[in-house]
Amino acid sequence: QEQLVESGGGLVQAGGSLRLSCAASARTFSMYVMGWFRQVPGLERQFVAAIDWSGGTTYHGDFVKGRFTISRDNAKNLMYQQMNTLQPEDTAVYYCAAGRRWSHNTNEYDYWGQGTQVTVSS
(Lines give C-alpha, C1' and ligand atoms only; values in the text may rest on other atoms or scores of the structure.)
Protein backbone atom coordinates (compact mmCIF):
# COMPACT_ATOMS: atom_id res chain seq x y z
CA GLN A 1 0.00 0.00 0.00
CA GLU A 2 1.37 3.37 -0.99
CA GLN A 3 1.70 5.78 1.92
CA LEU A 4 2.22 9.49 1.37
CA VAL A 5 3.36 12.11 3.86
CA GLU A 6 3.31 15.83 3.08
CA SER A 7 5.46 18.43 4.73
CA GLY A 8 6.51 22.03 4.21
CA GLY A 9 3.30 23.90 4.85
CA GLY A 10 3.16 26.94 7.06
CA LEU A 11 2.39 30.62 7.31
CA VAL A 12 3.82 33.00 4.73
CA GLN A 13 3.16 36.58 3.68
CA ALA A 14 1.69 37.40 0.30
CA GLY A 15 4.40 37.32 -2.32
CA GLY A 16 6.43 34.77 -0.42
CA SER A 17 7.35 31.20 -1.22
CA LEU A 18 7.03 27.72 0.22
CA ARG A 19 8.15 24.31 -0.95
CA LEU A 20 5.95 21.36 -0.18
CA SER A 21 7.34 17.84 -0.12
CA CYS A 22 5.61 14.50 -0.41
CA ALA A 23 7.42 11.35 0.69
CA ALA A 24 6.18 8.06 -0.71
CA SER A 25 6.73 4.60 0.72
CA ALA A 26 6.47 2.48 -2.41
CA ARG A 27 9.59 1.00 -3.93
CA THR A 28 7.81 1.32 -7.26
CA PHE A 29 7.28 5.05 -6.88
CA SER A 30 7.99 5.60 -10.57
CA MET A 31 4.88 3.60 -11.47
CA TYR A 32 2.65 6.36 -10.13
CA VAL A 33 1.47 9.62 -11.52
CA MET A 34 1.68 12.15 -8.71
CA GLY A 35 -0.51 15.13 -8.08
CA TRP A 36 -1.16 18.03 -5.75
CA PHE A 37 -4.64 19.09 -4.73
CA ARG A 38 -5.90 21.69 -2.30
CA GLN A 39 -9.06 22.25 -0.34
CA VAL A 40 -10.63 25.15 1.50
CA PRO A 41 -13.29 24.31 4.10
CA GLY A 42 -16.71 24.32 2.48
CA LEU A 43 -15.36 24.09 -1.05
CA GLU A 44 -14.59 21.24 -3.42
CA ARG A 45 -11.13 19.79 -3.54
CA GLN A 46 -9.26 21.53 -6.32
CA PHE A 47 -6.63 20.19 -8.69
CA VAL A 48 -3.34 22.06 -8.51
CA ALA A 49 -0.74 20.12 -10.51
CA ALA A 50 0.25 16.70 -11.79
CA ILE A 51 3.48 15.07 -12.90
CA ASP A 52 3.85 11.93 -14.94
CA TRP A 53 5.74 8.78 -14.09
CA SER A 54 9.19 9.98 -15.09
CA GLY A 55 8.71 13.68 -14.41
CA GLY A 56 8.96 14.56 -18.07
CA THR A 57 5.44 15.93 -18.35
CA THR A 58 3.72 18.29 -15.95
CA TYR A 59 0.43 20.11 -15.87
CA HIS A 60 -0.58 23.02 -13.66
CA GLY A 61 -3.98 24.51 -13.06
CA ASP A 62 -4.49 27.88 -14.69
CA PHE A 63 -4.64 29.70 -11.39
CA VAL A 64 -1.10 28.60 -10.44
CA LYS A 65 0.67 28.57 -13.80
CA GLY A 66 3.82 30.62 -13.66
CA ARG A 67 3.89 30.52 -9.87
CA PHE A 68 3.90 26.84 -8.86
CA THR A 69 6.22 24.11 -10.10
CA ILE A 70 5.73 20.41 -9.51
CA SER A 71 8.72 18.07 -9.64
CA ARG A 72 9.76 14.61 -8.51
CA ASP A 73 12.87 12.65 -7.63
CA ASN A 74 12.15 8.99 -8.22
CA ALA A 75 15.47 7.88 -6.74
CA LYS A 76 14.39 9.37 -3.40
CA ASN A 77 10.65 8.64 -3.60
CA LEU A 78 9.94 12.34 -3.26
CA MET A 79 7.62 14.74 -5.00
CA TYR A 80 7.70 18.50 -4.59
CA GLN A 81 5.63 21.60 -5.12
CA GLN A 82 7.56 24.85 -5.28
CA MET A 83 5.12 27.68 -4.67
CA ASN A 84 6.19 31.22 -5.46
CA THR A 85 4.37 34.55 -5.37
CA LEU A 86 1.84 33.12 -2.98
CA GLN A 87 -1.44 34.97 -2.59
CA PRO A 88 -4.07 34.87 0.16
CA GLU A 89 -6.37 32.91 -2.13
CA ASP A 90 -3.79 30.10 -2.14
CA THR A 91 -4.59 29.44 1.51
CA ALA A 92 -5.78 25.85 1.80
CA VAL A 93 -4.89 22.38 2.97
CA TYR A 94 -2.63 20.88 0.33
CA TYR A 95 -2.68 17.15 -0.37
CA CYS A 96 -0.36 14.98 -2.39
CA ALA A 97 -1.82 12.03 -4.23
CA ALA A 98 -0.68 9.05 -6.28
CA GLY A 99 -2.48 7.36 -9.13
CA ARG A 100 -1.94 4.96 -11.97
CA ARG A 101 -3.34 7.13 -14.74
CA TRP A 102 -2.49 10.55 -16.07
CA SER A 103 -5.28 12.67 -14.67
CA HIS A 104 -6.30 15.89 -12.97
CA ASN A 105 -9.43 14.33 -11.46
CA THR A 106 -9.65 13.61 -7.75
CA ASN A 107 -11.47 10.34 -8.41
CA GLU A 108 -8.58 8.88 -10.39
CA TYR A 109 -5.99 9.10 -7.65
CA ASP A 110 -5.70 6.09 -5.40
CA TYR A 111 -3.59 7.21 -2.46
CA TRP A 112 -3.60 10.41 -0.46
CA GLY A 113 -1.48 12.08 2.15
CA GLN A 114 -2.81 13.62 5.33
CA GLY A 115 -2.56 17.17 4.07
CA THR A 116 -0.46 20.14 5.07
CA GLN A 117 -1.81 23.60 5.84
CA VAL A 118 -0.65 26.56 3.79
CA THR A 119 -1.73 29.96 5.04
CA VAL A 120 -0.92 33.15 3.14
CA SER A 121 -1.44 36.42 4.94
CA SER A 122 -2.23 39.67 3.16
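The values are calculated or read from the model by the stated rules, or taken from the named source; none is laboratory data. Model, not experiment: these values are computed from the prediction. Glycine gets a Cβ as well: all are built from the backbone with ideal geometry, and neighbour counts include every protein chain shown. Ligands, DNA and RNA are stripped out before the accessible areas are found, and what is left, the full protein with its side chains, is counted by its heavy atoms. Shrake-Rupley method; radii C 1.70, N 1.55, O 1.52, S 1.80 Å.
Could you list all residues from region 103-122 that are open to solvent by 70 Å² or more (accessible area, probe 1.4 Å) and either in contact (Cβ under 8 Å) with a residue 24 or more places away in the chain or within 15 Å of Leu18 (Cα to Cα) (or both)?
Going residue by residue through region 103-122, those that are open to solvent by 70 Å² or more (accessible area, probe 1.4 Å) are 104-105, 107, 110, 112, 114, 117, 122.
Result: His104, Asn105, Asp110, Trp112, Gln114, Gln117, Ser122.
Against the condition open to solvent by 20 Å² or more (accessible area, probe 1.4 Å) and modelled with pLDDT of 95 or more, how does Trp36 come out, does it pass?
Working: open to solvent by 20 Å² or more (accessible area, probe 1.4 Å): no; modelled with pLDDT of 95 or more: yes.
It is false that Trp36 is open to solvent by 20 Å² or more (accessible area, probe 1.4 Å) and modelled with pLDDT of 95 or more.
Comparison of Asp73, Asp62 shows that the only residue that is without any contact (Cβ under 8 Å) to a residue 24 or more places away in the chain, out of contact with any strand residue (DSSP E or B) (no Cβ under 6 Å at 6 or more places or on another chain), under 19 Å from Val118 (Cβ atoms) and surrounded by fewer than 21 Cβ atoms within 10 Å (Cβ to Cβ) is Asp62.
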